[in-house]
Amino acid sequence: MRLALDIVRQAGEMAEQAFGSDTVHVRYKHDGSVVTSTDLAVEDLVRRRLAEAVPGDGVAGEERPERTGTSGRRWLIDPISGTARFVAGKPTYSVDLAMEDEHGPALAVSALPSMGITMAAGRGIGCRVIANGRETEGRVSTRDALDGARVCLHGKRKPVLRTCVVVDGDVSVLQLVTGEVDAVFASGVDRFDLACLAVLVREAGGRVTVIEEGVVLATNDVLHDVLLDHLETHLGVEPSPPALQTVTRPS
């Protein structure tokens, strides 16, 4: 955990410095998503630090080829989670680093450098939220009624949740592990999006279920089963993707 926190702190400083600059170099990947030079630089930094500290560990990153390890541990890097928000000048992007072993997801550190917030969790040691030098325990809400439940929705595939309150979710994981929202539903996610989520939510007392490929539900523990049952008949259909547009960052 100390190693992960130190690496993410350094990587976050690099991301924050680039975020504050006037120029962001952007290109499109084959799937239509955007990647910046900062994504690549941050991932390369994290990989160098891991290679120096734990050379036997495997490393998989969103932007570079995977490195196979020999220790049984593997690190997963999402150098800029929320690249589109980063490009648009929104401070709600994060730098994510997770580690898994033979027992599954084991450790997660997710920093929001431009907001001065870091979430950290490890198997059996709980979830902590560090904001402006102050550390608090991350705990999910205790709401047990679907009516009025606060839910963040991500992705193009939106379920029908007529009795719930849909909440803006730019920092939905933080909102979930601090009890500000009761559930997060996301479509179009990949293994790097899920890597930190699984550990942070579990250690804050919540539950995460991958409903199908690319679709995930994370909740406080008590609402999980009722929301899963609801989503079986109200999951929704993803619309056709829009045409690609050039992304420009406001001055």
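The values are calculated or read from the model by the stated rules, or taken from the named source; none is laboratory data. Worth saying up front: this structure is predicted, and the values here are computed from it rather than measured. Cβ placement follows ideal geometry from the backbone for every residue including glycine, while neighbour counts extend to all protein chains displayed.
Is it the case, given these coordinates, that Gly148 is small (Gly, Ala, Ser), free of Cβ contacts under 8 Å to residues at least 24 places away in the same chain and either in the same structural domain as Ser94 (by TED's automatic domain parsing) or under 20 Å from Asp229 (Cβ atoms) (or both)?
Considered against the rule, which asks whether it is small (Gly, Ala, Ser), free of Cβ contacts under 8 Å to residues at least 24 places away in the same chain and either in the same structural domain as Ser94 (by TED's automatic domain parsing) or under 20 Å from Asp229 (Cβ atoms) (or both), Gly148 comes out as yes.
For Leu176, all conditions in the list (1) out of contact with any helix residue (DSSP H, G or I) (no Cβ under 7 Å at 6 or more places or on another chain); (2) buried (at least 19 other Cβ atoms within 10 Å of the Cβ) hold save one; what is the number of the exception?
(1)
Restricting to segment 119-130, give me the number of residues that are hydrophobic (A, V, I, L, M, F, W, C) and over 17 Å from the mean Cα position of the chain (by Cα). Show your work before the answer.
Looking only at segment 119-130, we keep the residues that are hydrophobic (A, V, I, L, M, F, W, C), and these are 119-121, 125, 127, 129-130.
Filter again for over 17 Å from the mean Cα position of the chain (by Cα), leaving 125.
Total satisfying the criteria: 1.
For segment 152-161, does any single residue satisfy the condition of being in a loop (DSSP other than H, G, I, E, B), charged (D, E, K, R), closer than 28 Å to Gly12 by Cα and assigned by TED's automatic domain parsing to the domain that holds Val215?
Here is the first cut: in segment 152-161, the ones in a loop (DSSP other than H, G, I, E, B) are 155-161.
This time we only want the ones that are charged (D, E, K, R), so: 156-158.
Going one step further and asking which of them are closer than 28 Å to Gly12 by Cα, we end up with none.
Looking through segment 152-161, none of the residues is in a loop (DSSP other than H, G, I, E, B), charged (D, E, K, R), closer than 28 Å to Gly12 by Cα and assigned by TED's automatic domain parsing to the domain that holds Val215.
Output the residues belonging to segment 84-104 that are surrounded by fewer than 23 Cβ atoms within 10 Å (Cβ to Cβ) and of a type outside the set (Asp, Glu).
Ala84, Arg85, Val87, Ala88, Gly89, Lys90, Pro91, Thr92, His103, Gly104
Could you check Asp168 against (1) under 19 Å from Val208 (Cα atoms); (2) of a type outside the set (Ser, Thr, Tyr); (3) part of a loop (DSSP other than H, G, I, E, B) and say which number it fails?
(1)
Quick one: is Ser172 touching a Gly at 6+ places or on another chain (Cβ under 6 Å) and not assigned by TED's automatic domain parsing to the domain that holds Asp78?
In short, no.
I need the full set of residues from segment 119-135 which are touching a residue at least 24 places away in the same chain (Cβ under 8 Å), of a type in the set (Lys, Arg) and part of a strand (DSSP E or B), in order please.
If the condition is that a residue be touching a residue at least 24 places away in the same chain (Cβ under 8 Å), of a type in the set (Lys, Arg) and part of a strand (DSSP E or B), then no residue fits.
Scan segment 77-93 for residues that are over 12 Å from the mean Cα position of the chain (by Cα) and at positive phi and jot them down.
Gly89
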